[in-house]
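The values are calculated or read from the model by the stated rules, or taken from the named source; none is laboratory data. As the structure is a prediction and not an experimental result, all values here were calculated from the model. FYI the Cβ positions are ideal-geometry reconstructions off the backbone, even for glycines, and counts take in every protein chain you see. Accessible surface areas use protein heavy atoms only, side chains included; no ligands, DNA or RNA. Shrake-Rupley method; radii C 1.70, N 1.55, O 1.52, S 1.80 Å.
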Amino acid sequence: MTSSRQLTVLGAVLVAAVAFAPSLLATLVVGDFSSVGALRDGLPSAFAEHWRLGDGTLGHALSRSADYWATFHLVKAVAAALLLAVVVSVLRRRRRRPPVATAGLVLVAAAAVVLVIANVQGAIAPVSSLLSMLPADAVSAAADARGTTAFDGLVHDFAVYHAVVAVLAGATAVVLAVMGVRSWRRRGRPTAVVALSAAVLLGVVALANTTTTMDPEPALVGFLDAGSR
């Protein structure tokens, strides 16, 4: 009982860490921004400097923005991974619990998996992740830079951005498929159906991101065109 209570408390602490620790730690480590809002406010000028330089290297402002954003996502990914480990530990304890409680834990585990994948993606390719935070006029400026060395660098970063999801989603799909098959053999049909359905969904996500990784520029241009409207 004590162990279960400890895991519950630890889970609650990790949920709070996922919500609040990334911004605080990114500010402490990088020091350039007091919050995500401050980061967002400085992005238009940071990207404008990047386009003016035009050589593909990140300007000082965008480099610091990327450092902050990578740190933010890294902290969030670690907290989400630890939360996932706690939830899996609770689920593996063979104790009778109401189906609603089990379903709730499974949903928390699924959310943690999504958070891990999304935040590892943001930590590895923070510049592409920052694009979604730009206002429409700044997105238009990015689209106008097409054909420059700076834009080519962004295309490469965008490819990496999607490759991360392709690899992580694909690996998770394989794990879930194995779990689903094992559950089916043990007559755990409901669990098997959920696991196999999730594996198929993640497989589709992995395939879509693999396609984008192989030909990233049209996807990036489409993303920028949509964001500039």
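Numerical summary
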quantity: From L74, L105, L58, L91, residue being open to solvent by 50 Å² or more (accessible area, probe 1.4 Å), in contact with a helix residue (DSSP H, G or I) (Cβ under 6 Å, 6 or more places away or on another chain) and either polar (S, T, N, Q) or at pLDDT below 95 (or both); calculated: L91
quantity: Unmet requirement for L7, which otherwise passes all of (1) farther than 30 Å from D137 by Cβ; (2) open to solvent by 80 Å² or more (accessible area, probe 1.4 Å); calculated: (2)
quantity: Sole residue being assigned to a helix (DSSP H, G or I), open to solvent by less than 50 Å² (accessible area, probe 1.4 Å) and either at pLDDT 90 or above or under 18 Å from P44 (Cα atoms) (or both), chosen from A171, A198, A208, A163; calculated: A163
quantity: Of the criteria (1) in a helix (DSSP H, G or I); (2) open to solvent by less than 20 Å² (accessible area, probe 1.4 Å), which one L134 fails; calculated: (1)
quantity: From the options P44, P22, residue that is touching a helix residue (DSSP H, G or I) at 6+ places or on another chain (Cβ under 7 Å) and open to solvent by 40 Å² or more (accessible area, probe 1.4 Å); calculated: P44
quantity: Check on V36, closer than 27 Å to A85 by Cβ and either open to solvent by 70 Å² or more (accessible area, probe 1.4 Å) or more than 22 Å from the chain's Cα centre (by Cα) (or both); calculated: no
